[in-house]
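Here is the structure we will look at, set down as structure tokens.
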Amino acid sequence: MKTKFGMLLLFVLTGLFVSCATGEYMKMSSKENAEVLGYVQSTFLVTGSFRYRSTINTQAYITLLAEAQNKYPDITIDIRDIVWAIGQGDAANNNYEYTAIGKIIKR
């Protein structure tokens, strides 16, 4: 009985840790017929007390869009298929670094 409980607890904890370490956001739907111009990558910091998935998704989108607008200043663009992952953490300042990558699409 203890072994089964221990294994269940291990799976649940593993799932929780993995779910906070990576994420996907704004997947391009099959109905979207957009021209892909390329990819963009960015890193950003999130304060530990605000490490909610919605906050990380929003920050990833904002930083990727800013980088993409630097690459294509005269074109109306957007970002799709965003994937992010947690990097190094600064425990002293409670900041965590994330890296994100996404597709640049022409609107």
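The values are calculated or read from the model by the stated rules, or taken from the named source; none is laboratory data. Owing to the predicted nature of the structure, the values given are computational and were not obtained by experimental measurement. All Cβ positions, even for glycine, are placed from backbone atoms using ideal geometry, and neighbour counts span all protein chains on display. SASA here: full protein model, heavy atoms, side chains in, ligands and nucleic acids out. Shrake-Rupley method; radii C 1.70, N 1.55, O 1.52, S 1.80 Å.
All other residues whose Cβ lies under 12 angstrom from that of Ala100 are scored, Lys and Arg at +1 and Asp and Glu at -1, for a net of -3. Ranking Gln59, Ile105, Ala91 by how far each Cα lies toward the positive end of the dipole of the stretch 55-107 (charges on Cβ) leaves Ile105 at the top. Taking the protein heavy atoms of the stretch 28-99 in the context of the full set of protein chains, the accessible area attributed to carbon and sulfur is 47 percent at 1.4 Å.
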